[in-house]
1. Specify which of the listed residues (Ser24, Ser17, Ser52) is at pLDDT below 95, surrounded by 15 or more Cβ atoms within 10 Å (Cβ to Cβ) and part of a helix (DSSP H, G or I).
2. How about region 236-265: which of its residues are aliphatic (A, V, I, L, M) and touching a Ser or Thr at 6+ places or on another chain (Cβ under 8 Å)?
3. I'm trying to understand the selection: among the residues of region 27-49, which are loosely packed, with under 10 Cβ neighbours inside 10 Å and among the acidic types (Asp, Glu)?
4. Please find, among Leu248, Leu229, the residue that is assigned to a helix (DSSP H, G or I) and in contact (Cβ under 8 Å) with a residue 40 or more places away in the chain.
5. Among the residues of region 61-77, count how many are in a loop (DSSP other than H, G, I, E, B) and surrounded by 14 or more Cβ atoms within 10 Å (Cβ to Cβ).
6. Show the residue pairs that are 6+ apart or on different chains and have beta-carbon atoms under 8 Å apart, the first residue being within region 106-118 and farther than 13 Å from Gly231 by Cβ and among the small types (Gly, Ala, Ser), the second being modelled with pLDDT under 90 and open to solvent by 50 Å² or more (accessible area, probe 1.4 Å).
7. Select from region 206-226 the residues that are surrounded by fewer than 24 Cβ atoms within 10 Å (Cβ to Cβ) and either without any contact (Cβ under 8 Å) to a residue 12 or more places away in the chain or not β-branched (Val, Ile, Thr) (or both) and list them in ascending order.
Amino acid sequence: MLKRLRAKHPIGFCVLSEVLFLGSLLLASYLIILALVISGADLEQMDSYFLSAIQEAIGMVVALVILARTGRLYLLRRRGSGFFNGLLVGMYPLVLIGYSLYSKLMFGMPENGQLLPAFSIFSFFLSMALVGVAEEFIFRGVIAQTLLEKFGTSRAGVWKACLLSGLLFGAAHLTNLLSSAPFGVLMQCVFAASLGTLFAAIYFRTGNLWVTVFLHGAMDITSMLVGGLYGTEGVAESISGYDASMLLSILIYLIPTLFLLRKKKIGEVALYFGRDCVPAAPKETGEPQ
């Protein structure tokens with residue numbers, strides 16, 4: 001069914017895939033809480049990042065099932081330009097990650113703060129890494145890939161696939177309204193839509209899904225590093241603190257997207273995805289066409 005839907009109604013398939021993915025995350029969180037309540041566990045003592053890691057692992061499985069059912073599991077094995085060459089294409093977000101890490105380590109650490117227990121720190125890194133894996137599998141491997149196959153590898157087609165997949169990625173973060181302040185969530189959606197557009201461009205230019213998986217996970221880790229190490233701030237509180245300055249992300253991420261998808265380099269997308277975007281031949285009916 002998913003394969004037929006993808007072929008006949010690719011945009012509807014993308015929306016359904018996002019709903020299935022987000023629904024699995026919400027369902028997993030409720031089931032985990034229910035299991036803890038039944039077992040008599042103290043919810044306040046549970047490690048939130050460990051629970052999040054379980055949740056993201058389930059989302060990853062859902063993305064893998066969609067990839068498998070639509071015959072696109074091979075995307076995980078495709079090297080494209082290679083991982084390290086791909087990081088050169090994604091150098092801009094890599095530099096931002098490095099700058100953020102430097103700033104946090106040099107100026108963001110609490111002076112008299114006490115590190116969380118080793119298991120909590122491990123859970124933090126695991127959770128953030130799994131967010132990168134699960135979300136890249138679904139939003140780039142499933143959604144951006146489907147949209148590129150629909151619109152084609154012309155410059156206009158690539159831009160449509162990037163922008164629409166970015167908008168769907170941004171809209172996915174509306175689920176944070178369940179735990180964070182509405183304005184902060186709105187700003188996060190703008191930020192995520194811009195970042196998702198850039199990640200789609202990097203994926204299309206490299207043909208390697210693991211490049212964006214690495215960049216996404218590293219960005220999440222560095223953005224929440226202080227809270228993950230010292231417990232000073234959770235994800236929900238961080239999102240609630242987002243303000244109008246997040247609107248700058250539209251320029252910060254879309255300008256390098258323009259550079260990545262410039263006319264001189266757009267042919268590289270066809271190099272990696274050209275076969276995927278060949279339209280299916282019309283069925284033979286025995287009648288003259």
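1. The unique qualifying residue is Ser52.
2. Of all residues in region 236-265, those aliphatic (A, V, I, L, M) come to 236, 239, 244, 246-248, 250-252, 254-255, 258, 260-261.
Matches in region 236-265: Ala236, Ile239, Ile250, Ile252, Leu254.
3. Across region 27-49, the qualifying residues are Asp42, Glu44.
4. Numbers: Leu248 fails: in contact (Cβ under 8 Å) with a residue 40 or more places away in the chain.
So the residue among Leu248, Leu229 that is assigned to a helix (DSSP H, G or I) and in contact (Cβ under 8 Å) with a residue 40 or more places away in the chain is Leu229.
5. Our first condition is that a residue be in a loop (DSSP other than H, G, I, E, B); within region 61-77, this holds for 70-72, 77.
Now narrow it down to the ones that are surrounded by 14 or more Cβ atoms within 10 Å (Cβ to Cβ): 70, 72.
Qualifying residue count, region 61-77: 2.
6. Short answer, once both residue conditions are applied: none.
7. Selection gives Gly207, Leu209, Trp210, Phe214, Gly217, Ala218, Met219, Asp220, Ser223, Met224, Leu225.
The values are calculated or read from the model by the stated rules, or taken from the named source; none is laboratory data. Owing to the predicted nature of the structure, the values given are computational and were not obtained by experimental measurement. For neighbour counting, all protein chains shown are included, and Cβ atoms are generated from backbone atoms with ideal geometry for every residue, glycine included. The accessibility values were calculated without ligands, DNA or RNA, using every heavy atom of the protein model including side chains. Shrake-Rupley method; radii C 1.70, N 1.55, O 1.52, S 1.80 Å.
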